[in-house]
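K.L.:
Supplied in structure tokens, the structure appears directly below.
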Amino acid sequence: MNNDSIIILDFGSQYTQLIARRIRELNVFSEIYPFNISFEKIKEINPKGIILSGGPSSVYEKNAPFPAPQIFELNIPILGLCYGLQVIAEIFGGKVKSSQLREYGLAILKIKNKKSIFAGLKDKEKVWMSHGDKVIKIPKGFEVAGKTENSDYAAIVNEEKKIYGLQFHPEVIHTESGMKIFENFIKICKTKRNWVAETYINATIKEIREKVKDDKVLCAVSGGVDSTVTAFLINKAIGKKLICVFVNNGLLRLDEEKKVIKMFERVGINVHYINAEKIFLKKLKGVVDPEKKRKIIGNLFIKVFENYSKKIGKFKFLAQGTLYPDLIESVSVKGPSATIKSHHNVGGLPEKMKLKLIEPLKFLFKDEVRKIGERLGIPLEVLWRQPFPGPGLAVRVIGEVTKEKLDILRNADNIIIDEIKKAGYYNKVWQSFGVLLPVKTVGVMGDKRTYENVIALRVVYSKDGMTADWVNLPYELLNKISSRIINEVKGVNRVVYDISNKPPSTIEWE
Ligand code: XMP
């Protein structure tokens, strides 16, 4: 992809992805590999520098993870962070021991040597620590570049070999001069700073053209950020040889299908619309169990998509909006996380349909995808859309899904989004939506008793969907949303607010 890169060897730190992000923010391409990647493969990649990540292991343990030792003979700069520093210390004959005092949180780094990796820093810097082990004997050929109250060897350097070890985490924003440290490392590596959206778009277009030649590419679009950017990018490369398919599963938000079709048509992308609402609702009839609903929707999507595409021609390629974080989850040394809910994507499709994959976003983080989307002329409203689950409103209509219930929820949801946007919360929160509960309660409207549905409002802050906090919305806004829903949506006489965090509650109710 790019021969001016810095690679990161992952020892299982929760911050590994952040390191790659920081390097890329400095316009240098950076990729993550498992710590035990072979030396041959590293030589093939030919990076300009290597960063060893942190990790939960101890270098003195049996079977502790170590990189291929030849990397230190490559004559390229190496930066070890936390566990990475300890790896360097151990390999070069220093000593690492478990520390009595765990150092966690902010510490003051006293810098002894304000050159190379620490060029331009102050005498004292706030740094973020998170370690139990520490270096107690400095390896030969290294000198101390900085210390903290609890770590005499918080920063060690070997200027001749250009090897640097830091006990703290420059990738975490709490380390105030973290970016400056990475910038210094990049300078030491002498990498070109050419990782920008334009370069990526041009290189990817060229690659797609070379790969596809005269064949055709099929792409499932949903109107979400990833599939939209994928389609726009491929369209730029091969135009009419790309065929997009949009399946309306009947579980979409109000007028969503119209908006999506319009967006693609405006730029001349070939999009086929399949209205499969009836088939989906038929299959979902009488189904109450959330996992069953998810499975039915996922499998049916594959079936509908496959049948339709067979009708419209022969394809060699299938485009998918896979992102970088999806890929590196599988290379990390961490174990696979348990399935809480089976998430729906177009997984199984390529094998089933015997198609080759085209994944033009697979080196990108979400914010990079948005930047590229902007360059490709995709409306900001689409690029900054809140996440919407694959099974759509089916996981927000609790219990059996029917057209009538979906319509009630669609109208309520539309009011929620409208008010949340007007109040300036839409882009501040992770998600804001309504859930239709399977209970009816008594109310009074005019002089009449009512017996109708309840809508639960869910608004959460989150960084990545893994954890979430409910948002303390102003009472006036809650009041506005509640009274509009009750007044404007026929069939609802009560609105409640969900005040549960994740964990233990998930974001979606099913
Ligand atoms: P939960 O409900 O598990 O959701 O706390 C975490 C995030 O994932 C979204 N979500 C999905 N996204 N397919 C998706 O693409 C799915 O099946 C799916 N289910 C949940 C959810 O909206 C939240 O942002």
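The values are calculated or read from the model by the stated rules, or taken from the named source; none is laboratory data. Remember, predicted model here, so these are calculated numbers, not experimental data. Counting neighbours? That spans all protein chains shown, and the Cβs are built from the backbone with ideal geometry, glycine included.
K.L.:
Applying the selection to the stretch 382-427, what residues are among the acidic types (Asp, Glu) and under 29 Å from residue 372 (Cα atoms)?
P.N.:
Across the stretch 382-427, the qualifying residue is only 418.
K.L.:
Report the residue count in the stretch 452-509 for those that are within 11 Å of the ligand (Cβ to nearest atom) and either touching a Leu at 6+ places or on another chain (Cβ under 8 Å) or acidic (Asp, Glu) (or both).
P.N.:
Of the residues in that region, 2 qualify.
K.L.:
Something else about it: Between 487, 472, which is assigned by TED's automatic domain parsing to the domain that holds residue 425, surrounded by fewer than 13 Cβ atoms within 10 Å (Cβ to Cβ) and assigned to a loop (DSSP other than H, G, I, E, B)?
P.N.:
The match here is 472.
K.L.:
Of the residues 370, 396, 375, which is more than 16 Å from the ligand (Cβ to nearest atom), in contact with a Phe, Trp or Tyr (Cβ under 8 Å, 6 or more places away or on another chain) and either of a type in the set (D, E, K, R) or not assigned by TED's automatic domain parsing to the domain that holds residue 325 (or both)?
P.N.:
370
K.L.:
Of everything in the stretch 222-238 that's under 13 Å from residue 361 (Cβ atoms) and within 16 Å of the ligand (Cβ to nearest atom), which residue is surrounded by the fewest Cβ atoms within 10 Å (Cβ to Cβ)?
P.N.:
In this case the residue turns out to be 224.
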